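**Student:** Have a look at the structure that comes next, please.
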Amino acid sequence: MTSQTPDAAASGTWKLGDLEVNRLGFGAMRLTQNGPAFAPGAPPSDRGRAIGVLRRAVELGVNHIDTAAFYFSPLRSANELINSALAPYPDDLVITTKVGPGRALSGEFLPHATPGQLRGQVEENLRQLGRDHLDVVNLRIVGTDSIAERFGALAELREAGLIRHLGLSNVRPHHLAEALAIAPVVCVQNMYGPGAEHEAAFLRTCGEQGIAYVPFYSIAGTGREAGTGGAEPEEVLAVARAHGVGAAEIRLAWTLHQGPHVLAIPGTGNPDHLTANVAAGSLRLSAGDLALLGSVGRTG
């Protein structure tokens, strides 16, 4: 990896509706505490360091930040950190948030919001971020049930001017079709990484419809909130060795190679990891690299 200062613009750009972003963005989930996200008893993050990471991300060209009001620990709120670090916000900064899950102040997750409760969650994000409207709001769901009522409630808030664009998170193709019958969708945020072939067709469908596909846990993989953990597949390690970088950078580069509509939102509270993540946006993988990474998880 070159010592030149990385620039998120090297990853290329995509438009979320009318909002153009660099494809290498930043996820705020890991800013609030040290250790696995949402882990009870994990020590709080250093507030100054977290604010410094956010400001450095913007200096490195990141103009797409993913957050949520339920990203908090006993002493830290991701939205409050973003507000403190970056307000007044740069004109080109796009903040994407998500609603649906609720959390008690004690940290326990609550049943997902009903259609009538979604406005309160949107207003909570507005208040914490210090905004009069939200750039993009993703409806995050669990399960396969209809989302029509919940997405319809968000569409009404979009019409009222509280939300600029709508997206979906943790959904299946039938959910996207259901939502598109109600209002435009600018992004789908699902878990995806090497070895997740079952999701590849949905990724392609989004691209065919001009919808951004935004993988979460693209570095952590099946480790999810706990982080990478465990041994990396040998295929990932082999490509990392060939390029002289870490496995995380290879996973990010692989993500961005899946299509021009695919965005990455790696999260970290570590300034060195941030620099490496942004640098991954300029990493170019060969056809051989992609074939090897595409074989992860395959048998026979």
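**Student:** Note down all Cβ pairs under 9 Å where the first residue falls in segment 180-191 and is within 11 Å of LEU139 (Cβ to Cβ), the second is among the aromatic types (Phe, Trp, Tyr) and surrounded by fewer than 19 Cβ atoms within 10 Å (Cβ to Cβ), and they're at least six residues apart or on different chains.
**Tutor:** As it stands, the answer is VAL188/PHE202, since those pairs meet every condition given.
**Student:** Which ones in segment 100-141 are of a type in the set (S, T, N, Q), loosely packed, with under 14 Cβ neighbours inside 10 Å and modelled with pLDDT of 95 or more? Talk me through it step by step, then tell me what you get.
**Tutor:** Pass one, segment 100-141, residues of a type in the set (S, T, N, Q): 106, 114, 117, 121, 125, 128, 138.
Okay, now just the ones that are also loosely packed, with under 14 Cβ neighbours inside 10 Å, so 106, 114.
The answer is THR114, and nothing else.
**Student:** What do you reckon, is ARG284 over 19 Å from GLY27 (Cα atoms), modelled with pLDDT of 95 or more and among the charged types (D, E, K, R)? Even if it seems obvious, please write down each step before you answer.
**Tutor:** Working: over 19 Å from GLY27 (Cα atoms): yes; modelled with pLDDT of 95 or more: yes; among the charged types (D, E, K, R): yes.
Yes; evaluated as a whole, the condition is true for this residue.
**Student:** Looking at THR96, THR114, THR144, which is the one that is touching an Asp or Glu at 6+ places or on another chain (Cβ under 6 Å), of a type outside the set (Phe, Trp, Tyr) and within 30 Å of PRO36 (Cα to Cα)? Write out each step before concluding.
**Tutor:** Working: THR114 fails: touching an Asp or Glu at 6+ places or on another chain (Cβ under 6 Å); THR144 fails: touching an Asp or Glu at 6+ places or on another chain (Cβ under 6 Å).
One residue alone meets the criteria, THR96.
**Student:** Right, next: Give me a count of the residues in segment 43-69 that are in a loop (DSSP other than H, G, I, E, B) and either surrounded by fewer than 16 Cβ atoms within 10 Å (Cβ to Cβ) or not hydrophobic (A, V, I, L, M, F, W, C) (or both).
**Tutor:** Taking segment 43-69 and keeping what is in a loop (DSSP other than H, G, I, E, B), we get 43, 45-46, 60-63, 67-69.
Retained after the next criterion (residues that are either surrounded by fewer than 16 Cβ atoms within 10 Å (Cβ to Cβ) or not hydrophobic (A, V, I, L, M, F, W, C) (or both)): 43, 45-46, 61, 63, 67.
Of the residues in segment 43-69, 6 are in a loop (DSSP other than H, G, I, E, B) and either surrounded by fewer than 16 Cβ atoms within 10 Å (Cβ to Cβ) or not hydrophobic (A, V, I, L, M, F, W, C) (or both).
**Student:** Looking at segment 263-284, which of the residues that are among the small types (Gly, Ala, Ser) and assigned to a loop (DSSP other than H, G, I, E, B) is nearest to VAL94 (Cα to Cα)? Before the answer, list the steps.
**Tutor:** To start, the set of residues in segment 263-284 that are among the small types (Gly, Ala, Ser) comprises 264, 267, 269, 276, 279-282.
If we keep only those that are assigned to a loop (DSSP other than H, G, I, E, B) as well, we get 267, 269.
Working: GLY267: 16, GLY269: 20 Å.
Residue satisfying both the conditions and the ranking: GLY267.
**Student:** While we're here: Tell me, yes or no, whether segment 142-165 has at least one residue that is among the hydrophobic types (A, V, I, L, M, F, W, C), within 16 Å of VAL214 (Cβ to Cβ) and buried (at least 17 other Cβ atoms within 10 Å of the Cβ).
**Tutor:** No - not one qualifying residue is present in segment 142-165.
The values are calculated or read from the model by the stated rules, or taken from the named source; none is laboratory data. Please read these numbers as outputs of a predicted model, since none were measured by experiment. For neighbour counting, all protein chains shown are included, and Cβ atoms are generated from backbone atoms with ideal geometry for every residue, glycine included.
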